[in-house]
1. Spelling out what I want: for every residue of segment 8-19, take phi, set θ = phi - 60°, compute 6.51 cos²θ - 1.76 cosθ + 1.60 (Karplus), and round to whole Hz; glycine and proline get x.
2. Please list, ordered by chain and number, the residues whose modelled amide H lies under 5 Å from the amide H of residue 70; skip anything fewer than 5 residues away on the same chain.
3. What distance in nm lies between label points placed 7 Å from Cα along the C-beta direction at residue 18 and residue 33?
4. Return an integer: the convex hull volume of the alpha-carbon atoms of segment 1-111, in Å³ per residue.
5. Residue 80 to residue 104: extension gain in nm, 0.36 nm per residue of separation minus the Cα-Cα distance?
Amino acid sequence: MFNKVILVGNLARDIEIRYLQSGTAVASTAIAVNRKYKGTDGTMKDETMFIDITFWGRTAEVANQYLRKGSQVLVEGRLTLEQWTAQDGSKRSKHQVAVETLQMLGGKDSANNAPSQSSGYDNSPSTNSSYQAPATQQTKQASSVPEIDIDDEEIPF
């Protein structure tokens with residue numbers, strides 16, 4: 001059996017995070033996905049679908065720290081069915097996507113416009129110093145690569 005869902009859209013609401021007794025983080029929100037299609041009368045129509053999504057573990061904490069309502073994301077996961085009994089005794093259920101992979105889209109500006117919310121992580125530049133090491137290493141590698149003298153006529157394309 002194969003159960004894989006890939007969605008690209010905008011978060012429909014801010015993330016709600018909670019922690020299980022085991023300490024595992026669980027974050028829930030919804031994603032709004034749009035579809036444009038031509039109706040039977042020939043006019044273009046828009047269809048928006050709101051799908052509940054759930055993040056687990058470290059992904060839940062990262063999502064809570066960096067994402068807000070309106071953030072554009074790509075999520076991959078599996079479709080799950082949640083079932084429960086309501087207060088009136090009726091049985092309820094809903095489908096949702098359990099996110100396994102999260103990719104933040106939209107660029108730097110959309111993240112800077114998001115309202116700040118404390119999530120327990122330090123965003124100071126000192127914690128991001130490890131990101132500078134690969135760039136320095138790439139610069140050293142690039143300078144050690146010898147230049148090749150190739151005439152444009154020798155390139156086959």
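1. Coupling constants for segment 8-19: 10, x, 10, 5, 7, 7, 5, 6, 10, 10, 8, 10 Hz.
2. Excluding prolines and chain starts, which carry no amide H, the hits are 11, 12, 13.
3. Label at residue 18, label at residue 33, 2.6 nm between them.
4. Values: hull volume 18.4 nm³, N = 111.
Each residue corresponds to 166 Å³ of Cα convex hull volume.
5. On the way: separation 24, 0.36 × 24 = 8.64 nm, distance 2.23 nm.
Additional length available on full extension: 6.4 nm.
Here, each number is a calculation from the coordinates, and none is a lab measurement. The model shown is predicted, which means the values in this text are computed figures rather than measured ones. Positions of Cβ are backbone-derived with ideal geometry, glycine not excepted, and every protein chain shown enters the neighbour counts.
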